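Colleague: Dumping the structure here so I can ask a few things about it.
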């Protein structure tokens, strides 16, 4: 395997901010400059590697668990205490059984989806699928709220806060779903050496 050279440019893992300048400045006169570049590149790789895989796994599981627990909590509140839950946002529900059926049904769905997302936070094999599910639910809710703002006007402040939370948790779940895939395809340290 050949040693990296200045012509190789910055690594895609670290972005364009990594510099190879100074590698030749530290090379003693008459020494092989490729060894200095390789040393600089190896040191840069260590600096740019990011947090260890174990830390990323804990953070990913934490994100998925929080996202799932929030979905389950909202779903449970809509299912079991819909009047009180919706009153928090200035919404008065009808006592009509048909209307209440339509209100409680999505609550049960969110509760079940939340449980599935939490399960993914607890089992490594399900993490990617659960993160993708969480991202789909949160981002679809956020998109629907944005459409509603465009078509119907600005809702209660609590619903705007819900929109912000949905965007943040949806994006976090999407990052976990994509990052988990990148970790699986990333070669191990032993294979790179």
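The values are calculated or read from the model by the stated rules, or taken from the named source; none is laboratory data. Note that the structure is predicted; figures quoted are calculated from it, not measured. Backbone-built Cβ (ideal geometry, glycine too); neighbour counts: all protein chains shown.
Colleague: Within the bounds of region 120-130, is there any residue that is in a helix (DSSP H, G or I), touching a residue at least 40 places away in the same chain (Cβ under 8 Å), touching a helix residue (DSSP H, G or I) at 6+ places or on another chain (Cβ under 9 Å) and loosely packed, with under 15 Cβ neighbours inside 10 Å?
Modeller: Yes, because at least one residue in region 120-130 is in a helix (DSSP H, G or I), touching a residue at least 40 places away in the same chain (Cβ under 8 Å), touching a helix residue (DSSP H, G or I) at 6+ places or on another chain (Cβ under 9 Å) and loosely packed, with under 15 Cβ neighbours inside 10 Å.
Colleague: Would you check which residues across region 84-98 are part of a helix (DSSP H, G or I) and touching a helix residue (DSSP H, G or I) at 6+ places or on another chain (Cβ under 8 Å) and list them?
Modeller: Step one: of region 84-98, the residues part of a helix (DSSP H, G or I) are 84-87, 97-98.
Correct list: 84, 85, 86.
Colleague: Tell me, please, whether a residue that is crowded, with 16+ Cβ neighbours inside 10 Å and modelled with pLDDT of 95 or more can be found in region 87-101. Please lay out each step first, then the result.
Modeller: Looking only at region 87-101, we keep the residues that are crowded, with 16+ Cβ neighbours inside 10 Å, and these are none.
Looking through region 87-101, none of the residues is crowded, with 16+ Cβ neighbours inside 10 Å and modelled with pLDDT of 95 or more.
Colleague: Residue pairs, Cβ under 6 Å, 6 or more apart or interchain, first in region 45-61 and assigned by TED's automatic domain parsing to the domain that holds residue 129 and closer than 20 Å to residue 174 by Cβ, second in a helix (DSSP H, G or I) and modelled with pLDDT of 90 or more. List them.
Modeller: Between residues of region 45-61 that are assigned by TED's automatic domain parsing to the domain that holds residue 129 and closer than 20 Å to residue 174 by Cβ and residues that are in a helix (DSSP H, G or I) and modelled with pLDDT of 90 or more, the close pairs are 60/176; 61/121.
The rows are residues; the columns are (1) in a helix (DSSP H, G or I); (2) crowded, with 16+ Cβ neighbours inside 10 Å; (3) in the same structural domain as residue 58 (by TED's automatic domain parsing).
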{"position": "116", "(1), (2), (3)": "yes, yes, yes"}
{"position": "134", "(1), (2), (3)": "yes, yes, yes"}
{"position": "137", "(1), (2), (3)": "yes, yes, yes"}
{"position": "147", "(1), (2), (3)": "yes, no, yes"}
{"position": "155", "(1), (2), (3)": "no, yes, yes"}
{"position": "169", "(1), (2), (3)": "yes, yes, yes"}
{"position": "172", "(1), (2), (3)": "yes, yes, yes"}
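Colleague: Next question. Would you mind stating whether residue 160 is more than 21 Å from residue 62 (Cα to Cα) and in contact with a helix residue (DSSP H, G or I) (Cβ under 9 Å, 6 or more places away or on another chain)?
Modeller: Values: more than 21 Å from residue 62 (Cα to Cα): yes; in contact with a helix residue (DSSP H, G or I) (Cβ under 9 Å, 6 or more places away or on another chain): yes.
Yes; evaluated as a whole, the condition is true for this residue.
Colleague: Please work out if residue 157 is at pLDDT below 95 and more than 16 Å from the chain's Cα centre (by Cα).
Modeller: Working: at pLDDT below 95: no; more than 16 Å from the chain's Cα centre (by Cα): yes.
Answer is no for this residue.
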